[in-house]
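Trainee: Okay, here's the structure, questions in a sec.
The values are calculated or read from the model by the stated rules, or taken from the named source; none is laboratory data. Note that the structure is predicted; figures quoted are calculated from it, not measured. Ideal geometry is used to build each Cβ from the backbone, glycine not excepted, and the neighbour counts take in all protein chains shown.
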Amino acid sequence: MIRAEEIYRQFDDFTISLSLAVADGELLTLLGASGSGKTTTLRILAGFEQPDRGAITVDGLDVTHVAAQHRRMGYVFQDYTLFPHLNVAENVAYGLRVQRVPAPERRRRVHELLELVGLAGFADRAVQTLSGGEQQRVALARALAVEPRALLLDEPFSAVDTERREELRRYLVRVQRGLGIPTVFVTHSRSEALALSDRIIVLRDGRIEDQGSPERLYEHPHTEYCARFLGHANILTREQLAAVPGKAFSEDTEEAPDARETVSAEAGADLQAGATAFMIRPEYLTTAGADAGLPATVSYVAYSGAHRDYEFETPIGTLYLRSAERHELGARTTLRFPRHKLVPLPPKQ
Amino acid sequence: MRVSKVGVFTAVAAFMLVTASALFAGGVGETEFVDPEERRLEETEELIVYSYGSLPGSLRDSIVEYFDREYGVDVELERIGETGAVYTQLYLERNEPVADAVIGLDQSYLPRLREDRLLEPYEPSSLELVRPELLVDDEFLVVPFDYGYITVNYDGHALEDAPGSWDDLLDPRFRDSFIMLHPGTSSPGRNFLLATIAEFGEDGYLDFWREFRDNVLTVSGSWSEGYGLYTEGEAPMVVSYETSPAYHREFENTDRYNALVFDGAAYLQVEVAGIVRGARNRRNAERLVEYIVSQEFQEQIPLSQIMYPIHPGVTLPDAFQAGPDIDRSVTLDPDRVEENFETWLEQWEDVMR
Amino acid sequence: MGRRDALRSGAPYLIAAVFVLLTVPPVLTVLGAGALERGASAWLEEARRVLAQTGTWRSLRFSVIQAVVSAALSIAIALPGAYFLSHIRFAGRRLVQSVSLLPFVLPSLIVILAIISFYGRSGVLNQLLGTRFAFVYSAGGIILAHILFNISIALRMISAAWMQVDQRLREVSLSLGEGNLRRVLRLHLPLLLPAILNAATVIFLYCFVSFGVVLVFGGVRFATLEVRIYQAMFMNLNLSAAGALALLQLAVCGVAVFAAHRLAARRLAVATRGRRFVMRSGREISWITTVICYGYWVALGVFLFTPLASIALRAFYRNGRWSTAAFRSLIAGSIGDRDIHQIIRADFFELVTTSLAIAGLCAAVTTAAGFIAARAVRGRKVPWLDTLTMAPLAISGVTFSLGLRLLWFGIIPGPVLIIVAQGVMAFPLVFRILRTAMEGVPLRYTETAKSLGAGTLFRVRTLEIPVLWRSILNAYAFGFALSLADFTAVLTIGRGAIVTFPIAMYRLIGFQSFDVALALGVWYIIVVAAAFVAIDLTSHAREKEGL
């Protein structure tokens, strides 16, 4: 269990101010744009940077003033950072050498770990001969060798090519779940965050914009920034909504989302009342026949294999739609909005 | 930029230490003149002697051996660069002298030695001189131990037609043919400059040099360097001692190198030794003075120093007989030299540019 | 802020403080010794007098001009070489880089002898041409010697900077149809200007305080400030005048160093965040370029090495005959009747052990200090510290050594002072090498190791040294060679009692042992140079040696 309380760090151009906690076995993702402070936060957890104020505890132990080399937190860099002068086995064994683990034991552990990451038999290879994905797995094995209390990963897959990424994600999840250690993962890729995480924290300018499960953040973001960050979003002001003809709205027949994730009924009502805008995801808009909804003309199509992404020009502005249906550029149709999918957003801070 | 506390601390500490050491450095040059004679320490069985760098090892050995044999005394002979450097060393140590005696200054240093009070007088019990003018100091602050003449030396293989007079030196056929030694750093160089002043007078010597300048290939800082260039063939003429060719005759069996004496006159250089003021081992220093004017020591002078001994009882080797005759020793009054040398040197430097 | 962070951000100040402590007091001592001795007013009067002399300003002007010309010519000659080194992977590239260092690490005395042997009035060149040109005994000789010394610096610094130019710029230029020459002139040179000026400043400083060369070739006619300081100090015993001149010299150097600092701070506008510079292999270039390239290196090699070779020639070919007499004398230890040991005033064994011991220790201390310092400021941009550590280049060797002696003699043994003096003078280069080399172990590696639990010593042992050992060795070799070649500090502090190779050679140049001096020089060149070049070659494993 990692806890970071009231962490405050001031830089020349921005400030970090947040608190977070990661439970054992949980994979928390810090998601944000570049410069949002996610890497810095990770580095503060690792001990590479010091906060001006605040406390960091691991399993109850205060490690705020403990040097990085004594924190036992595994760290994986974006570009793997394998020691170039050591081969695969030696890299993985590095931390064990620090702990003065005797050679036979070291060999055994290395073998075990390489198997765990699917690189059995690579022990004697020079690191320069490995592909990006392979190197990253070695980096992971190396970090795990010392049985760290936590695992910190800084955009570990962005330097790996796309085909490999999927595979690596699976490895990571499997390994991490198996070991049951808290893991903090930094990325700017929303698809990655959505796919991997147990929980996501969206950072903006050093502060927590929002946090929650991937589904909650995607379906019911609490801020417009969050909404936009996690995917294409149609943001409609009250005025724009008011301009949508009533027939464009459909009632829900689906079950309410997970109770855990929604705000309480009163808070929800408050939100409704105070919201200045509403968000709806492109995949929930539907097309309908003439006069059945808001008139719209296709202004842009992007084919994406399983679906198409559309932009429609409407009386209230440009709207996004995602659907498997085919529409031609310039085609005219109408759009319908499921009311229950409209997410109220508070006024911008 | 954030100013770290550690940074400020070290900056302040550094500043303080720098200031402190600068003040400490002040202790290096005391303005008070502490009389070394007052703090004379107990004598030991040692003798520390300063000399210029080119003092031959054989002379050094004979001194060491003599003292060891006769008195059981350890001699430490330090050779310090050129003559100027020796003087500087004595000067820097004048308040707390390290050396007991010095060998190798020349007579032109006398006025300065007197003014700076670097030496103590001592008259050797028996001093026989082959020429009376060698007694450069009747107060015996310094005692002569060898002498020579500063002349132009030339390479007979490179010059068929050597100059026969001072005027002849100016001839354009000798363009870039002469290696001069810097009068500021080199004793022979200094004396050669003085020779031109003696010859042409204070008003005329600069004209000589103005005309002579084109014939000067380069001005070397030390005699060793200049003479080295000369023997390597860079130029056929050099300022050196009238006795230098004797070395080549004796040790290399060649008549190739010769000295030029114009009008039978040449500038006299007398090398001297003396006892350092406030010397710790005064008695041993006195013994040294006695020794170097003795015939035993003087016998070695010709073939080691390649200079003339002061002792009349020494027979000169054949190689020394073959040089030109010198009827007249030329010198300038040391006090006059002392007073004017810096000006003369500056003027000379200006002309030589 | 945590304690560790404070220490880390304070590191540059700490280093600067130590550095200043080592270098400033000796210089201050010399500057002020005259004042402390005769009083401040006498000092001022003396200073005024010497500053009023036309001779002073003439020598200042000459110092500046010869340094500027030397620097300009060195760079002009080195530019094509730097281009080839950074752009084309031609055969013998590494060899060329290592070998061009030779004149820099040799004692200046040997280079001087080499120049005399080849370009002197009775030198090889004149003999071949049947003439008796004496141009070396003038500014020409001085500048020639300076170019020989410094060309390798220009080569290294400029080629290293050139390699930083973003490859993509070249590709854009190609796609716009620009030819090679035009691109070099219109695109690269402006980008390189800061680096070129930086190299020029370093060379300027070296030449400005140059001593031995000016003394031999300049005579009286061409004296630099350094020579005048030496004269004032040791000939006129005028400490005040010497101090005033030294102050003047420092002021000029200060301006130059400041200018260099501003230039260095304006780093290459284009960083290497783009694609790494790709060098074309020998096969990819046109035959014209190949010819020009190899032709250039041959010409440069001839220029650099004919003087050195003539030393060997003169040592073996005496008086019209081939003879190994000089070498035999050297080995036998006697020249005719005279014992070589007497001439150099040290026996051979003592000479070798003293020289190697001082050089070995000095290099070790300097390399260690440089390593610690480079490590402490790793990854940080501290241009002011880089500039500060360059300062010793601007301090006159004579002044500094004398100051050390005046301050500490008697308290600290001579050899230690010599090591300090040589160490300080070698530090700029050693530190630079190690600082650049540290980029081979970026902070990320250290952090990874830390996350695995490795403490500082463990990291140094298992991470930094294994990766950097070549560069460390290279830095050590530099420190060793520079220390071994030093003449000024040994002479000023040791007062002739301590004999190292350059001093032995200098003493041999005197009376009739010139050829033996040459023989010793040849021996020195072969042994030391071979070792140095070999070490330097092996350290070129990575292209980061940007000096």
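Trainee: I'd like to check something: does region B:195-206 contain any residue that is of a type in the set (Ser, Thr, Tyr), surrounded by fewer than 23 Cβ atoms within 10 Å (Cβ to Cβ) and either within 28 Å of C:VAL227 (Cα to Cα) or within 11 Å of chain C (Cβ to nearest Cβ) (or both)?
Mentor: Checked against the condition, which is being of a type in the set (Ser, Thr, Tyr), surrounded by fewer than 23 Cβ atoms within 10 Å (Cβ to Cβ) and either within 28 Å of C:VAL227 (Cα to Cα) or within 11 Å of chain C (Cβ to nearest Cβ) (or both), region B:195-206 yields at least one hit.
Trainee: Being over 24 Å from the mean Cα position of the chain (by Cα), away from chain C (no Cβ under 13 Å) and surrounded by 15 or more Cβ atoms within 10 Å (Cβ to Cβ) is the filter here; which residues of region A:119-150 pass it?
Mentor: A:LEU119, A:PHE122, A:ALA123, A:ARG125, A:LEU130
To keep it simple, each residue is scored yes or no on (1) at pLDDT 85 or above; (2) β-branched (Val, Ile, Thr); (3) touching a Lys or Arg at 6+ places or on another chain (Cβ under 7 Å); (4) surrounded by fewer than 24 Cβ atoms within 10 Å (Cβ to Cβ).
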{"site": "C:ILE472", "(1), (2), (3), (4)": "yes, yes, no, yes"}
{"site": "C:ASP486", "(1), (2), (3), (4)": "yes, no, no, no"}
{"site": "C:THR492", "(1), (2), (3), (4)": "no, yes, yes, no"}
{"site": "C:LEU508", "(1), (2), (3), (4)": "no, no, no, no"}
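Trainee: Quick one: in region B:285-332, of everything that is among the charged types (D, E, K, R) and in a loop (DSSP other than H, G, I, E, B), which residue is farthest from B:TYR154 (Cα to Cα)?
Mentor: Kept after step one, since they are among the charged types (D, E, K, R), are these residues of region B:285-332: B:286-287, B:290, B:296, B:299, B:318, B:325, B:327-328.
Adding the requirement that they be in a loop (DSSP other than H, G, I, E, B) leaves B:299, B:325, B:327.
Values: B:GLU299: 28, B:ASP325: 16, B:ASP327: 21 Å.
Going through the qualifying residues, I end up with B:GLU299.
Trainee: Across region C:436-466, what is the number of residues that are β-branched (Val, Ile, Thr), surrounded by fewer than 19 Cβ atoms within 10 Å (Cβ to Cβ) and within 7 Å of chain A (Cβ to nearest Cβ)?
Mentor: Residues flagged as β-branched (Val, Ile, Thr), surrounded by fewer than 19 Cβ atoms within 10 Å (Cβ to Cβ) and within 7 Å of chain A (Cβ to nearest Cβ) within region C:436-466 amount to 0.
Trainee: Which residues, counting only those in region B:12-56, are outside any loop (DSSP other than H, G, I, E, B), surrounded by fewer than 19 Cβ atoms within 10 Å (Cβ to Cβ) and at pLDDT 80 or above?
Mentor: First, pick out the residues of region B:12-56 that are outside any loop (DSSP other than H, G, I, E, B): B:12-25, B:36-39, B:46-51.
With surrounded by fewer than 19 Cβ atoms within 10 Å (Cβ to Cβ) added as a condition, the list becomes B:12-13, B:15-24, B:37-39, B:46.
Across region B:12-56, the qualifying residue is only B:GLU46.
Trainee: Go through A:TYR310, A:TYR320 for me and flag whichever is under 30 Å from A:ILE208 (Cβ atoms), among the aromatic types (Phe, Trp, Tyr) and part of a strand (DSSP E or B). Talk me through it step by step, then tell me what you get.
Mentor: Numbers: A:TYR310 fails: under 30 Å from A:ILE208 (Cβ atoms).
Only one candidate qualifies: A:TYR320.
Quick grid of which residues meet (1) among the basic types (Lys, Arg); (2) at pLDDT below 80; (3) surrounded by fewer than 17 Cβ atoms within 10 Å (Cβ to Cβ):
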| residue | (1), (2), (3) |
| --- | --- |
| C:VAL302 | no, no, yes |
| C:TRP322 | no, no, yes |
| C:PHE327 | no, yes, no |
| C:THR353 | no, no, yes |
| C:ALA359 | no, no, no |
| C:VAL377 | no, no, no |
| C:TRP384 | no, yes, yes |
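Trainee: Now a separate question. If you go through region C:298-318 one residue at a time, do you hit one that is outside any helix (DSSP H, G or I) and within 14 Å of chain B (Cβ to nearest Cβ)?
Mentor: Within region C:298-318, the first condition is being outside any helix (DSSP H, G or I), and the residues that meet it are C:317-318.
Subsequent filtering for residues that are within 14 Å of chain B (Cβ to nearest Cβ) retains C:317-318.
Scanning region C:298-318 turns up at least one residue that is outside any helix (DSSP H, G or I) and within 14 Å of chain B (Cβ to nearest Cβ).
Trainee: Here is a further query. Looking only at region B:83-96, filter to residues that are buried (at least 21 other Cβ atoms within 10 Å of the Cβ) and more than 9 Å from every other protein chain (Cβ to nearest Cβ); which one of those is farthest from C:ALA33 (Cα to Cα)?
Mentor: B:THR83
Trainee: Something else about it: State which residue is farthest from B:GLY184 (Cα to Cα) when the search covers only region B:52-82 and only residues that are among the hydroxyl-bearing types (Ser, Thr, Tyr) and more than 10 Å from chain C (Cβ to nearest Cβ).
Mentor: Pass one, region B:52-82, residues among the hydroxyl-bearing types (Ser, Thr, Tyr): B:52, B:54, B:58, B:62, B:66, B:71.
Narrowing the set further to residues that are more than 10 Å from chain C (Cβ to nearest Cβ) leaves B:62, B:66, B:71.
Details: B:SER62: 31, B:TYR66: 35, B:TYR71: 39 Å.
The residue in question is B:TYR71.
Trainee: If a residue has to be part of a helix (DSSP H, G or I) and either in contact (Cβ under 8 Å) with a residue 40 or more places away in the chain or surrounded by fewer than 24 Cβ atoms within 10 Å (Cβ to Cβ) (or both) to count, how many in region C:199-230 make the cut?
Mentor: Of all residues in region C:199-230, those part of a helix (DSSP H, G or I) come to C:199-208, C:212-218, C:225-230.
Okay, now just the ones that are also either in contact (Cβ under 8 Å) with a residue 40 or more places away in the chain or surrounded by fewer than 24 Cβ atoms within 10 Å (Cβ to Cβ) (or both), so C:199-208, C:212-214, C:216-218, C:225-230.
Number satisfying all stated conditions: 22.
Trainee: On to the next question. Could you check how many residues of region C:11-41 are more than 30 Å from C:GLY370 (Cα to Cα) and more than 10 Å from chain B (Cβ to nearest Cβ)?
Mentor: Selection size over region C:11-41: 2.
Trainee: It is to be established whether one or more residues within region A:186-198 are among the β-branched types (Val, Ile, Thr), crowded, with 19+ Cβ neighbours inside 10 Å and at pLDDT 90 or above. Spell out the reasoning first.
Mentor: Looking only at region A:186-198, we keep the residues that are among the β-branched types (Val, Ile, Thr), and these are A:186-187.
Applying the additional criterion that residues be crowded, with 19+ Cβ neighbours inside 10 Å yields A:186-187.
If we keep only those that are at pLDDT 90 or above too, we end up with A:186-187.
Yes; the residues of region A:186-198 include at least one that is among the β-branched types (Val, Ile, Thr), crowded, with 19+ Cβ neighbours inside 10 Å and at pLDDT 90 or above.
Trainee: Can we say C:GLY34 is within 30 Å of A:VAL63 (Cα to Cα), touching a Gly at 6+ places or on another chain (Cβ under 6 Å) and among the small types (Gly, Ala, Ser)? So that I can check it myself, show each step before the final result.
Mentor: Details: within 30 Å of A:VAL63 (Cα to Cα): no; touching a Gly at 6+ places or on another chain (Cβ under 6 Å): yes; among the small types (Gly, Ala, Ser): yes.
In short, no.
Trainee: What residue, of A:LEU152, A:LEU113, is part of a helix (DSSP H, G or I) and either under 21 Å from C:LYS450 (Cβ atoms) or among the small types (Gly, Ala, Ser) (or both)? So that I can check it myself, show each step before the final result.
Mentor: Working: A:LEU152 fails: part of a helix (DSSP H, G or I).
Step by step, each of A:LEU152, A:LEU113 is checked, and only A:LEU113 is part of a helix (DSSP H, G or I) and either under 21 Å from C:LYS450 (Cβ atoms) or among the small types (Gly, Ala, Ser) (or both).
Trainee: How about region B:344-353: which of its residues are among the aliphatic types (A, V, I, L, M) and either facing chain C (nearest Cβ under 7 Å) or buried (at least 20 other Cβ atoms within 10 Å of the Cβ) (or both)? Outline the logic, then answer.
Mentor: To start, the set of residues in region B:344-353 that are among the aliphatic types (A, V, I, L, M) comprises B:345, B:351-352.
Matches in region B:344-353: B:MET352 only.
Trainee: Looking only at residues in region B:230-254 that are in a helix (DSSP H, G or I) and under 18 Å from B:PHE192 (Cα atoms), which one is farthest from the other protein chains (Cβ to nearest Cβ)? Quick ask: steps written out before the conclusion?
Mentor: First, pick out the residues of region B:230-254 that are in a helix (DSSP H, G or I): B:230-231, B:244-252.
In the following step, the residues that additionally are under 18 Å from B:PHE192 (Cα atoms) were identified as B:230, B:244-245.
Numbers: B:TYR230: 10, B:SER244: 9, B:PRO245: 12 Å.
If we take residues in region B:230-254 being in a helix (DSSP H, G or I) and under 18 Å from B:PHE192 (Cα atoms), then B:PRO245 is farthest from the other protein chains (Cβ to nearest Cβ).
Trainee: Also, quick follow-up: Among the residues of region B:320-343, count how many are at pLDDT 85 or above and within 13 Å of chain C (Cβ to nearest Cβ).
Mentor: Total meeting the criteria: 2.
Trainee: For region C:422-515, which fully contained helices (runs of 4 or more DSSP H) count at least 1 residues that are among the basic types (Lys, Arg)? Even if it seems obvious, please write down each step before you answer.
Mentor: Working: elements: C:443-451, C:456-459, C:465-485, C:488-494, C:501-509.
The qualifying helices (runs of 4 or more DSSP H) are C:443-451, C:456-459, C:465-485, C:501-509.
Trainee: Just give me the residues in region A:57-85 being more than 9 Å from every other protein chain (Cβ to nearest Cβ), of a type in the set (D, E, K, R) and part of a loop (DSSP other than H, G, I, E, B), in sequence order.
Mentor: A:ASP59
Trainee: Given (1) more than 14 Å from chain B (Cβ to nearest Cβ); (2) in contact with a Ser or Thr (Cβ under 9 Å, 6 or more places away or on another chain); (3) closer than 21 Å to C:ALA489 by Cα, where does C:ALA200 come up short, assuming only one miss?
Mentor: (3)
Trainee: Among the residues of region C:117-145, count how many are within 8 Å of chain B (Cβ to nearest Cβ) and free of Cβ contacts under 8 Å to residues at least 24 places away in the same chain.
Mentor: Qualifying residue count for the region: 5.
Conditions tested, residue by residue: (1) in contact with a strand residue (DSSP E or B) (Cβ under 7 Å, 6 or more places away or on another chain); (2) over 30 Å from B:GLU76 (Cα atoms); (3) in the same structural domain as C:LEU155 (by TED's automatic domain parsing).
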| residue | (1), (2), (3) |
| --- | --- |
| C:ALA299 | no, yes, yes |
| C:LEU304 | no, yes, yes |
| C:ARG328 | no, yes, no |
| C:SER334 | no, no, no |
| C:ALA346 | no, no, no |
| C:THR354 | no, no, no |
| C:ILE358 | no, no, no |
| C:LEU361 | no, no, no |
| C:THR366 | no, yes, no |
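Trainee: Residues in region C:272-292: is at least one more than 30 Å from B:VAL351 (Cβ to Cβ), touching a strand residue (DSSP E or B) at 6+ places or on another chain (Cβ under 9 Å) and at pLDDT 75 or above? Quick ask: steps written out before the conclusion?
Mentor: Initial filter on region C:272-292 (more than 30 Å from B:VAL351 (Cβ to Cβ)): C:272-292.
Checking the rest, the ones that are also touching a strand residue (DSSP E or B) at 6+ places or on another chain (Cβ under 9 Å) come to C:279-282, C:284-285, C:289-290.
Checking the rest, the ones that are also at pLDDT 75 or above come to C:289-290.
Yes, that holds for at least one residue.
Trainee: Specify which of the listed residues (C:ALA373, C:ALA346, C:ALA369, C:ALA326) is within 14 Å of another protein chain (Cβ to nearest Cβ), touching a helix residue (DSSP H, G or I) at 6+ places or on another chain (Cβ under 8 Å), farther than 28 Å from C:LEU148 by Cα and in a helix (DSSP H, G or I). Walk me through it before giving the result.
Mentor: Working: C:ALA346 fails: in a helix (DSSP H, G or I); C:ALA369 fails: within 14 Å of another protein chain (Cβ to nearest Cβ); C:ALA326 fails: farther than 28 Å from C:LEU148 by Cα.
Within the list C:ALA373, C:ALA346, C:ALA369, C:ALA326, the selection yields C:ALA373.
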